[in-house]
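The values are calculated or read from the model by the stated rules, or taken from the named source; none is laboratory data. Worth saying up front: this structure is predicted, and the values here are computed from it rather than measured. Note that each Cβ is placed from the backbone with ideal geometry, even for glycine, and that neighbours are counted across all protein chains shown. Note: accessible area is taken over every heavy atom of the protein model, side chains too, but ligands, DNA and RNA are not part of it. Shrake-Rupley method; radii C 1.70, N 1.55, O 1.52, S 1.80 Å.
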Amino acid sequence: MFKPGSEFAKFLDNNDLLGYVRQRFYIKENYIYMCGNSLGLASKDSEETALKVLDKWKNEGVKIWNVDDNKYFMYSMHLAKLMTPIVGADHDEIAIVSATTVNIHQLISTFYKPTKARYKILLDNINFPTDRYAIESQVRLKGYTPEEAIKVVECTDKYIEEDDVIAAMTEDVAIVFLPVVYYRTAQVLDTKKITEAAKDRGILIGWDLCHAVGVLEMDLKSLDIDFAVWCTYKYLNGGPGSPAALYINRKHFNHQPGLAGWFGNRTETQFMLQQNFEHRKDAGGWQIGTPALLSMGALEGSLKVFADVGMVAIRKKSLRITGYLIYLIDEELTKFGFSVGNLREDSKRGGHVCLEHDEGYRISLAMKARAVIPDFRDPNVIRLAPTALYTSYEEVYNMVKIIIDIVKNETYKEFSVKRDLVV
């Protein structure tokens, strides 16, 4: 399938059907960016739409809420329509709002209604910790301790087994909340299997899509899950601090939001400023405060790129370019003590490759000093995300050669083992 050598990397680039999309992004010369799983690069589309919002503010002031058929007053709805084909849900089931952690608080406070018989929330022990922090605080607000109300599925080695999750779905579990893709290992869970098991047992099921959205093909409607959250600054390239998103299955539109705010009020009566909250009966009813238009503006441009390219093509290239990187690691890097920390099956890995090494942290610093940008996760994982929209195969090949040079010449030893504030 793959071959060694730089000429083969060039061949792959010459036959890359998405190679043209790279021109829509700002890419520094002689700079290899492998961190799109943490923060995606800026696109020219995002710059254009962000500046358009800024221009509207400059020229219209408060009238920005009225221009363009109230587009910016209802910006979440506008962006939700662009998000629809990415996650496979109706636009009125999606709200572009707030931050991922806030949205977890919002949805757990909405759906967690513990009873004497059902009061536990099922989590795992290797998810990104903000999910755990938020849910622990929510169970405390209901009068429980985390030890009483949170049930944890332990990983096997470093992966979660779906059968272990299902076995933990006992009669006292009210909600299951898990990630689709794990931030460290890029493991993809079988969402269909787990969701169906939860539904069969009368358990509500929610998913964290942060490391899945923009890299996996998803169809939330066919899964028929209850709720989901995700961020937009990783593979969706919305920019640092870009607004997050939530999904609420339309069958739950009559629920009252756990955290109500004036932007969740019915649009028609919102500016009547009544003391009685009139819940808007769609996902927009879970908005809380005034939307952050400037960051939403950047996201709009990025979502337009996805609308032009489509998730089928993106997933196809993502699997191919990460597969190429795994091939090069096996061929070139294992002899230097590196290994691949991913599951190998296409259906079980997300958009980044886990390059493991005992000196992973210092090697990652040496890579950055050579203008190759990964990130690092303890204890030994260099996360590498050759992104479908803007990474070339030749960049992947050149990065591997730089890593070889770093370990051969032991230049990583020039760096401290002390962790930087952001790694």
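Okay, here's what the table says:
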| item | result |
| --- | --- |
| Only one of 168, 212, 186 that is under 21 Å from residue 129 (Cβ atoms) and out of contact with any Gly (no Cβ under 9 Å at 6 or more places or on another chain) | 168 |
| Residue that is most open to solvent (accessible area, probe 1.4 Å) [pool: residues in region 297-342 that are of a type in the set (Ser, Thr, Tyr) and either part of a helix (DSSP H, G or I) or touching a Lys or Arg at 6+ places or on another chain (Cβ under 9 Å) (or both)] | 334 |
| Region 241-293, residues that are open to solvent by 90 Å² or more (accessible area, probe 1.4 Å) and either among the hydroxyl-bearing types (Ser, Thr, Tyr) or assigned to a helix (DSSP H, G or I) (or both) | 250, 251, 262, 268, 271, 272 |
| Given (1) crowded, with 17+ Cβ neighbours inside 10 Å; (2) of a type outside the set (Val, Ile, Thr); (3) on the phi > 0 side of the Ramachandran plot, index of the condition residue 224 fails | (1) |
| Flag for residue 175 being assigned to a helix (DSSP H, G or I), surrounded by 19 or more Cβ atoms within 10 Å (Cβ to Cβ) and out of contact with any Ser or Thr (no Cβ under 9 Å at 6 or more places or on another chain) | no |
| Enumeration of residues in region 264-315 that are of a type in the set (Phe, Trp, Tyr) and either touching a Phe, Trp or Tyr at 6+ places or on another chain (Cβ under 7 Å) or without any contact (Cβ under 8 Å) to a residue 60 or more places away in the chain (or both) | 271, 277 |
| Residue pairs meeting the criteria (Cβ under 7 Å; at least 6 apart or on separate chains; first farther than 10 Å from residue 366 by Cα and in contact (Cβ under 8 Å) with a residue 24 or more places away in the chain, in region 399-420; second charged (D, E, K, R) and open to solvent by less than 80 Å² (accessible area, probe 1.4 Å)) | 400/332; 404/332; 417/362 |
| Neighbours by Cβ (under 6 Å, 6+ apart or cross-chain): first from region 1-29, open to solvent by less than 30 Å² (accessible area, probe 1.4 Å); second assigned to a loop (DSSP other than H, G, I, E, B) and not hydrophobic (A, V, I, L, M, F, W, C) | 25/390 |
| Qualifying helices (runs of 4 or more DSSP H) (wholly inside region 43-101; at least 1 residues being among the aromatic types (Phe, Trp, Tyr) and within 24 Å of the chain's Cα centre (by Cα)) | 75-87 |
| Pairs where the first residue, in region 49-78, is at negative phi and the second is assigned to a loop (DSSP other than H, G, I, E, B) and hydroxyl-bearing (Ser, Thr, Tyr), C-beta under 8 Å, 6+ apart | 53/72; 56/72; 64/72; 65/72 |
| Residues within region 207-221 that are part of a loop (DSSP other than H, G, I, E, B) and either aliphatic (A, V, I, L, M) or surrounded by 24 or more Cβ atoms within 10 Å (Cβ to Cβ) (or both), tallied | 9 |
| Count - residues of region 343-393 that are hydroxyl-bearing (Ser, Thr, Tyr), outside any loop (DSSP other than H, G, I, E, B) and touching a residue at least 60 places away in the same chain (Cβ under 8 Å) | 3 |
| Candidate set from region 139-157 (those that are within 27 Å of residue 187 (Cα to Cα) and not hydrophobic (A, V, I, L, M, F, W, C)); member that is surrounded by the fewest Cβ atoms within 10 Å (Cβ to Cβ) | 157 |
| Out of 154, 136, sole residue that is more than 24 Å from residue 230 (Cβ to Cβ), of a type outside the set (Ser, Thr, Tyr) and either in contact (Cβ under 8 Å) with a residue 60 or more places away in the chain or touching a helix residue (DSSP H, G or I) at 6+ places or on another chain (Cβ under 9 Å) (or both) | 154 |
